Amino acid sequence: MACNRSERQMKLGERLRLYNTINTQIQEFVPKNQELGVNQIPNNTNSNRAAVLVCLFEDSQGHLRVILTKRASTLSSYSGEVALPGGKVEEGDADDIETALREAEEEIGLDRSLVDVVTVLESFTAKKGITVIPVVGILWDRNAFNPLINTAEVASIFDAPLEMFLKDENRREQELEHMGDKYVIHFFDHQTENEKYIIWALTAAILIKAASVVYQRPPDFLERRPRFWNRSRQ
């Protein structure tokens, strides 16, 4: 698979392995991921913990793109919304990385062997109290991935340029308030050949963070995150 790795991708992977929120040197990804400094999951499944996969790949022009899904309309929560592949921790998951990879495989048929996990970002806490861990991985060969959508959970799969989450183009915002805290929710409009998608709220925030880390610069706009997103730093 090394023949599919551009020099730019390899340098990115090397740099992201050095990014860690607890200032731990990151080594090569191994199945149990002890070297990534990821919290192991206790034997009793934590229903208030989830992990998502920020899966990056290079397009034919050398631009980084991220894989996204539109959730099925029949789901009881966040139905029809755009999301990153992922979900809640299940019994047997060794750590957050395993949760993200397992969920991506179940939802869109992404074989975990194709993904090179390079870092884990700071956690976010959703308004409902669920701690969400963003796991960043590189898909070295996009052509090796043949999506197999689980229609019970996913309506469609698409990808978007990662850098768009740092730009003010195709972005809207809405100011809200929660317990006296005024904050902004960001909405990014993305048009594919067949459909128009809106990426917003927590998913947008995770991608803003991921893009900031990858491109080593802040967004062209003020984030003004809600305080409750930062309640957990586990």
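The values are calculated or read from the model by the stated rules, or taken from the named source; none is laboratory data. Keep in mind that this is a model prediction, so the values were computed, not measured. Quick reminder, even Gly has a Cβ in these numbers, built from the backbone with ideal geometry, and neighbours come from all protein chains shown. Surface accessibility is based on the protein's heavy atoms, side chains included, excluding ligands, DNA and RNA. Shrake-Rupley method; radii C 1.70, N 1.55, O 1.52, S 1.80 Å.
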> Among the lysines, which have Cα under 28 Å from the Cα of LYS128 when same-chain residues fewer than 8 positions away are ignored?
Replying inline: LYS70, LYS88, LYS182, LYS196, LYS209
> Shape call for region 81-202 from the C-alpha gyration tensor, a ≥ b ≥ c root eigenvalues: rounded (a/c under 1.5), prolate (a/b greater than b/c) or oblate?
Replying inline: oblate
> Using 7 Å Cα-to-Cβ label points, what is the ALA94/HIS178 separation (nm, one decimal)?
Replying inline: 3.4
>> Given the whole protein assembly as supplied and a 1.4 Å probe, what does the accessible area of SER73 come to in Å², nearest 10?
In response: 100
>> If I take R0 = 25 Å and measure r between the Cβ atoms of GLU14 and GLN61 in this structure, what FRET efficiency does the formula 1/(1 + (r/R0)^6) give, to the nearest 0.05?
In response: 0.70
> Taking θ as phi - 60°, what are the ³J(HN,Hα) couplings along region 157-162 by the Karplus curve (6.51, -1.76, 1.60), each to the nearest whole Hz, with x for Gly and Pro?
Replying inline: 10, 8, 9, 9, x, 5
>> If you average the C-alpha positions of region 55-116 and of region 166-204 separately, how far apart do those two centres end up, in angstrom?
In response: 20
>> In 5 Å bins starting at zero, report the fraction of Cα pairs in region 155-234 per bin as a rounded %.
In response: 3, 13, 25, 23, 18, 12, 5, 1, 0
> Pick from VAL117, VAL213, VAL154: which is most flexible by mean-square fluctuation in a GNM of the chain where alpha carbon atoms under 10 Å apart are linked?
Replying inline: VAL213
>> For GLU7, what accessible surface area do you get with a 1.4 Å probe? Give it in Å², rounded to 10.
In response: 130
> On average, how much accessible surface per residue is there in region 79-227, in Å², for a 1.4 Å probe, leaving out ligands, DNA and RNA?
Replying inline: 44
> What are the GluC sites (Glu not before Pro) within region 70-118 that DSSP puts in a loop, where the Cβ has at most 11 other Cβ atoms within 10 Å?
Replying inline: GLU91
> Loop-only check: which GluC sites (Glu not before Pro) in region 153-189 are DSSP coil with at most 16 other Cβ within 10 angstrom?
Replying inline: GLU169
> Can you work out ³J(HN,Hα) from phi for every residue in region 96-106, in order, using Karplus 6.51 cos²θ - 1.76 cosθ + 1.60 and θ = phi - 60°, giving whole Hz and x for Gly and Pro?
Replying inline: 5, 5, 5, 4, 4, 5, 4, 5, 5, 5, 5
>> Is there a quick way to get the dipole size of region 102-234? I mean about its Cα centre, with the Cβ of Lys and Arg at +1 and of Asp and Glu at -1; what is the value in debye to the nearest 20?
In response: 680
> What list of ³J(HN,Hα) couplings, whole Hz, do you get for region 9-16 from phi and the Karplus terms 6.51, -1.76, 1.60, once you set θ to phi - 60° and write x for glycine and proline?
Replying inline: 4, 5, 5, 4, x, 4, 5, 5
> About the Cα centre of the chain, what is the dipole size in debye to 20, counting +1 per Lys and Arg Cβ and -1 per Asp and Glu Cβ, all else neutral?
Replying inline: 660
> List the trypsin sites (Lys or Arg not before Pro) in region 189-234 that DSSP assigns to loop (not H, G, I, E or B) and whose Cβ has at most 15 other Cβ atoms within 10 Å. Which are they?
Replying inline: ARG224, ARG231, ARG233
> What order do HIS178, HIS186, HIS63 take when sorted by accessible area (1.4 Å probe), most exposed first?
Replying inline: HIS63, HIS178, HIS186
> For the chain, what does -39500 (n - 2.57) per DSSP helix run (n ≥ 4), summed and divided by total residues, give at 222 nm, in deg cm²/dmol to the nearest 500?
Replying inline: -5500 deg cm²/dmol
>> Under 10 Å, Cα contacts only: if you run a Gaussian network model on the chain, which one of ARG217, ARG49, ARG102 comes out with the highest mean-square fluctuation?
In response: ARG217
>> Suppose every Lys and Arg Cβ carries +1 and every Asp and Glu Cβ carries -1, with no other charges. What dipole size does region 66-152 come out with about its Cα centre, to the nearest 20 debye?
In response: 480
> Carbon and sulfur atoms: what percent of the 1.4 Å accessible area of region 71-146 do they account for?
Replying inline: 43
> At what distance in nm do the modelled label points of ASP189 and LEU222 sit from each other, each positioned 7 Å from its Cα along Cα→Cβ?
Replying inline: 2.4
> What net charge do the residues around LYS209 carry, taking every other residue with its C-beta under 10 Å from that of LYS209, with Lys and Arg at +1 and Asp and Glu at -1?
Replying inline: -1
